[in-house]
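Peer 1: Here you go, one structure.
Where a number appears in this text, it was derived from the coordinates with a stated rule and is not lab data. If you're wondering where the values come from, they're calculated on a predicted model, not measured in any experiment. Cβ coordinates were reconstructed from backbone atoms using ideal geometry, including for glycine residues, and neighbour counts include every protein chain displayed.
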Amino acid sequence: MRPGSAGRRPVRLRLTLVYSGLFLAAGAALLGVTYGLVAQSLAITPSAANSPASKYVDQARQACKSENLPPAQLAKCEDVAAQSLNGVSKASVAYQRSQTLAHLLDYSLASLAAIALGSTWLGWIVAGRALRPVQAITAAARRASEENLGERIALDGPDDELKELADTFDAMLGRLDAAFASQRRFVANASHELRTPLTVMRTAIDVTLAKPGRTPTQLEAMAGEVRQAVDRAEALIEALLTLARSDRGAGPRERLDVAVLAEDALDAAAPAIRARPVAVEAALRPGPAIGDPVLIERLVTNLIDNAVRHNVADGWVQVATGLRGGMAFIEVANGGTQIPEELVPSLFEPFQRLSDRAGSPEGTGLGLSIVRSVAVAHGGHATVRARPAGGLEVSVLLPAPQANG
């Protein structure tokens, strides 16, 4: 027995008491109405002609006449006989009425008590059957934990409120299971990704220090490797912080223009564009939006950086912004290798790369995850599509300011 359960009344008991109480109230009302109607019908006095004592009154009168009494005494004799017999008759009727009503009340109360006990027993059974799905939901909730979210109630039966509750609980368990699994993958991947640059730094330092005659050139090379690893760890930590911030929701919202942010991101990516090189085609029409400027800027920057980084030599990048359906949009397409359709949905997951090589220099694996998280935090959405000729096309819609805002 759980603590505090001794003083509480279970729902099954309360429902049973309600069922039996309602039945008793209805039975008592029916008994009262029946008793009143019977009492009223028995209170009706029969007419003298139909009275059971009328024949005895006639016999008494005949007896008075047979005695040859004077007229005055004869009349008095007949009146006394009639009054006596009528009084006896009324007393008998009153006695029968009281006995009938008493028997009716006794039998009705006994029957009501017996049926009330039966209704209480049946109410207990019916309440138990009605609450059985709730007990199944309660048991599933008690069994659920971070390590045990795979069980489902899968309630059978009519499509009623309890089945809807059970289905909703199953859906909630499914979402929790997916969320915990995603969290475990994220933590494992983040730990692995952060361990990679630390391993690179440790290896570079150990190898250099193990050389007996270290030269300044070797030390500078080691410092360059450590600096690259530090930059990679810093970029990964910054990406993780951005992802965590966007998952909590957007911060202060301001009016901004996606086209201006895209132009700034293209200018910042100019060295990488020239290094590939790739051809850039931009169709930047005004795309007014409202949101957290830091997160939206990171979203646009990630889209363009991914398009440039995951490209081929002499490839191309297309960037378009504007308004569509009352929302601001930015679309970034790039050339590249062909991507299997089954891998496209997973690109929005953290640390998902087209290359399985951990510690790949091609980014942190969080670019598109941040894009989707920022879009969702602002009430928008992001879609990705593999181009038949190779490469990706990513489209993001963001809420635009209201016309009267």
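Peer 1: Can you tell me the relative contact order of region 253-399? Whole percent, Cα pairs under 8 Å, sequence separation 6 or more. Working shown, then result.
Peer 2: Values: 294 pairs, mean separation 36.9, N = 147.
Relative contact order, region 253-399: 25 percent.
Peer 1: Right, here's the next one. How compact is region 253-399 by the rule of thumb for globular proteins, expressed as Cα Rg over 2.2 N^0.38 Å? Write down the numbers at each step before the final one.
Peer 2: Details: Rg = 14.3 Å, N = 147, 2.2 N^0.38 = 14.7 Å.
Computed over Cα atoms of region 253-399, the ratio equals 0.98.
Peer 1: Related question: When the chain is fully extended, how far beyond the present Cα-Cα distance does Tyr95 get from Arg152, taking 0.36 nm per residue of separation? All intermediate terms of the calculation are to be shown ahead of the outcome.
Peer 2: On the way: separation 57, 0.36 × 57 = 20.52 nm, distance 7.00 nm.
Going from the current span to full extension adds 13.5 nm.
Peer 1: Right, here's the next one. Report the charge-dipole magnitude of region 253-399 in Debye, nearest 20, computed about the Cα centre from +1 at each Lys and Arg Cβ and -1 at each Asp and Glu Cβ. Write out the running numbers ahead of the final one.
Peer 2: Details: 13 positive and 17 negative charges, 16 e Å.
Here the size comes out at about 80 debye.
Peer 1: Kindly state, as a whole number, the per residue volume in cubic angstrom of the convex hull around the alpha carbon atoms of region 98-140. Before the final figure, lay out each step's value.
Peer 2: Working: hull volume 1.9 nm³, N = 43.
Per-residue hull volume (Cα only) is 45 Å³.
Peer 1: Continuing with the same structure: Suppose every K and R has +1 on its Cβ and every D and E has -1 on its Cβ; what is the size of the dipole of region 201-330 about the Cα centre, in Debye to the nearest 20?
Peer 2: Numbers: 15 positive and 17 negative charges, 51 e Å.
Using Cβ point charges on Lys, Arg, Asp and Glu, region 201-330 gives about 240 debye.
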